[in-house]
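The values are calculated or read from the model by the stated rules, or taken from the named source; none is laboratory data. Please read these numbers as outputs of a predicted model, since none were measured by experiment. All Cβ positions, even for glycine, are placed from backbone atoms using ideal geometry, and neighbour counts span all protein chains on display.
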Amino acid sequence: MDLNLQVDSLISAQGAWKIELLKELFVQEDIDRILSFPPANSLDDSWIWAYTKEGGYNVKSGNWLVLRLEVPQAHQANSNQLVNDLKTKSWKIETKPKIRMFLWRILSGALVLAESIIAHGMQDNGLCSICRCGVESIKHVIFECEVARQVWNNAMILVGQWNFGSVEEYIGKLYECMNKSTFPENRRR
Ligand SMILES: [Zn+2]
């Protein structure tokens, strides 16, 4: 995984997206988003503000971002070191690049789920949309939901026997398992 990868590496000499490379690097949801607009070949690089539609800064969007950032920062203060260690490990786990990217995004809090949507007052029922019996947090969806446990069981990783307070601890344990040389090659995918 090249951390300095730039968008133009994803565009062919003919000016089209390199689909095979996208498949290697991104999950389907992101590929669909990327493919929904054509590559812009003739534009120079420029700075844009990510929190308004037009890409220009305004005070309202600045305040919105500040409010949004405050909650996770307080929550993460004591686990920052752990998260950073795990992120570093994410790039070394032997699996497909897009799975590494997915793990890195979980650790970065980049997957928006109901839990954070409620925090912003956009939805009033935060239950998991699959099992309806737990708050739809990242930890629930990836490790604790019945459906997720079934998937892990199929891969012979018995996450049902683990009971951690945070998604970071689950991922730490997962990396421990995957780092054992006895971990079968065909279950890393
Ligand atoms: Zn669930």
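Quick grid of which residues meet (1) surrounded by 12 or more Cβ atoms within 10 Å (Cβ to Cβ); (2) modelled with pLDDT of 85 or more; (3) not acidic (D, E):
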residue	(1), (2), (3)
N125	no, no, yes
I130	yes, no, yes
G134	yes, no, yes
F143	yes, yes, yes
V151	yes, yes, yes
A155	yes, no, yes
S166	yes, yes, yes
E169	yes, yes, no
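Return the pair list, or none, for Cβ contacts closer than 7 Å from residues in region 81-106 that are over 16 Å from F26 (Cα atoms) to residues that are among the charged types (D, E, K, R), at least 6 apart or on different chains.
L82/E168; V83/E168; L86/E168; I93/R100; E94/R188
For region 22-47, how many residues meet the condition of being of a type in the set (D, E) and surrounded by 13 or more Cβ atoms within 10 Å (Cβ to Cβ)?
Taking region 22-47 first, the residues of a type in the set (D, E) are 24, 29-30, 32, 44-45.
Narrowing the set further to residues that are surrounded by 13 or more Cβ atoms within 10 Å (Cβ to Cβ) leaves 24, 30.
Residues meeting the conditions: 2.
Conditions (1) more than 8 Å from the ligand (Cβ to nearest atom); (2) outside the structural domain of S90 (by TED's automatic domain parsing); (3) over 21 Å from K89 (Cβ atoms), marked per residue:
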residue: G126; (1), (2), (3): yes, no, yes
residue: I130; (1), (2), (3): no, no, yes
residue: V135; (1), (2), (3): yes, no, yes
residue: K139; (1), (2), (3): yes, no, no
residue: E144; (1), (2), (3): no, no, yes
residue: Q150; (1), (2), (3): yes, no, yes
residue: A155; (1), (2), (3): yes, no, no
residue: W162; (1), (2), (3): yes, no, no
residue: I171; (1), (2), (3): yes, no, no
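In contact with a helix residue (DSSP H, G or I) (Cβ under 6 Å, 6 or more places away or on another chain), surrounded by 15 or more Cβ atoms within 10 Å (Cβ to Cβ) and at pLDDT 80 or above - does that describe any residue in region 64-82?
No, the conditions are met nowhere in region 64-82.
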